[in-house]
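We did not get these values from a lab; they are worked out from the coordinates using the rules stated. Owing to the predicted nature of the structure, the values given are computational and were not obtained by experimental measurement. Positions of Cβ are generated from backbone atoms using ideal geometry, with glycine treated the same way; all protein chains shown enter the neighbour counts.
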């Protein structure tokens, strides 16, 4: 099963894609995706309900968040009320150790994304501020990365034994599915995604190439 | 002042208002510049002649920000406009526009921290019909509260 674990809709301030248009694009282009996760910036989109689109297009559409820390951006899967009460998703300076620990405590999974990116990626901060405890998974394939940035992420994952996910980081329709994550097991909902991420049987892929 | 303090102080109130009259020439000129070819946007004799839906994005108020807003313009850039279209603009309309700061927030990007200021203009015609809501985003780089 292949899911794009990192995408943004118009619910993000810089997102230009409607979720329905993502679905239409996947269908029209025949992309080998079984679904995607909306990771809106600095918020959790409680209001939107995509069940009708899931049924219409036969896709799994899940919701998560991309929060910001002093070590860069972090995807959080399995957002719940406890986690939302634990820290302010809107802040750009959340301590990464706290985000990782609170996610673990609340039954969610936190994944530093585009870690090879300057300023908003974990690796550069790792060099200057020191290591971070609690990292288990990182996004080694990010569709918005510039040359060399995914390679930095891959090198860190290799050195530290972290698991790898992929996500397109799409903000416009045509970028969906540029990178994704292949799971060995079926994922049917957000709880299933969290379980699958905890089990670790997945890998980052480029669906149109791999 | 932090982004949250700025938001509390400056959002939610009108700081500028303008009035202007709409001419056929202005509607045609903007539509043509946009590459529009439909007669209802380019031909004043068309029975449904009106402005293109994004016409009102060309209108600015008399000020970009409220008086005393602490912004460092040398670090700012224009992050573009979005428009929510409600009703068409017609020639002969007298438009009333109001400006307010709709939102202020921070984000971090490749170049560091940024402060986003959302300048919202609402436009109404002489019948008080709400024509459009235009959000203009101004970004200040290297924002450090």
Dividing the helical contributions, -39500 (n - 2.57) per DSSP H run of n ≥ 4, by the residues of chain A yields a 222 nm value, nearest 500 deg cm²/dmol, of -8500 deg cm²/dmol
Using only Cα atoms, tell me the angle between helix A:190-199 and the longest principal axis of chain A; keep it within 0 to 90° and round to the nearest 10.
50
For chain B, what is the calculated [θ] at 222 nm in deg cm²/dmol (nearest 500), taking -39500 (n - 2.57) for each run of four or more DSSP H residues and dividing by its residue count?
-4000 deg cm²/dmol
Expressed in angstrom, Rg and Dmax over the Cα atoms of the range B:11-75 are 16.4, 48
If you line up the Cα atoms of the range B:70-145 on their principal axes, what length do they span on each, largest first, in Å?
46, 22, 17
Bin by bin, in steps of 5 Å, what percent of the Cα pairs in chain A do you find, going until the bin that has the longest distance?
1, 8, 17, 22, 22, 17, 9, 3, 1, 0
Which ordering of A:5, B:6 is given by a fewest-first count of other beta-carbon atoms within 10 Å?
B:6, A:5
Taking every DSSP beta bridge that has both residues in the range A:2-205, what percent is antiparallel when rounded to the nearest 5?
45
Relative to the longest principal axis of the C-alpha atoms of chain A, give the angle of the C-alpha long axis of helix A:96-105, reported between 0 and 90° and rounded to the nearest 10°.
60
If one computes the Cα centroid of the range A:13-29 and of the range A:168-210, what distance in Å separates the two points?
16
Just the number: Rg to Rh for the range A:110-193, Cα atoms, Kirkwood Rh, two decimals.
0.99
When a/c reaches 1.5 or more, the comparison of a/b and b/c decides; with that in mind, is chain B rounded, prolate or oblate per its Cα gyration tensor?
prolate
Using only alpha carbon pairs under 8 Å that are at least six residues apart, calculate the relative contact order of chain B and give it in whole percent.
29
Using Cβ counts within 10 Å as a stand-in for footprinting exposure, how do B:73, A:98, A:122, B:121 rank, fewest first?
B:73, A:98, B:121, A:122
If I fit a long axis through the Cα atoms of helix A:19-29 and take the longest principal axis of the Cα atoms of chain A, what angle between them do I get, 0 to 90°, rounded to 10?
70
What average number of partner chain Cβ atoms lie no more than 10 Å from the Cβ of the residues making up A:37-46?
1
Exposure proxy order (Cβ contacts within 10 Å, fewest to most) of A:203, A:81:
A:81, A:203
Rounded to two decimals, the Rg over Rh value of the protein assembly as shown from Cα coordinates and the Kirkwood Rh reads 1.03
Report, for the protein assembly as shown, the % of DSSP beta bridges that are antiparallel, rounded to 5.
75
Can you grab the distance from the C-alpha centre of the range A:60-115 to the C-alpha centre of the range B:89-145, Å, no decimals?
29
When a/c reaches 1.5 or more, the comparison of a/b and b/c decides; with that in mind, is the range A:43-161 rounded, prolate or oblate per its Cα gyration tensor?
oblate
If packing is taken as the average count of other Cβ atoms within 10 Å, what order do B:21-27, B:124-130, B:53-59 fall into, highest mean first?
B:53-59, B:21-27, B:124-130
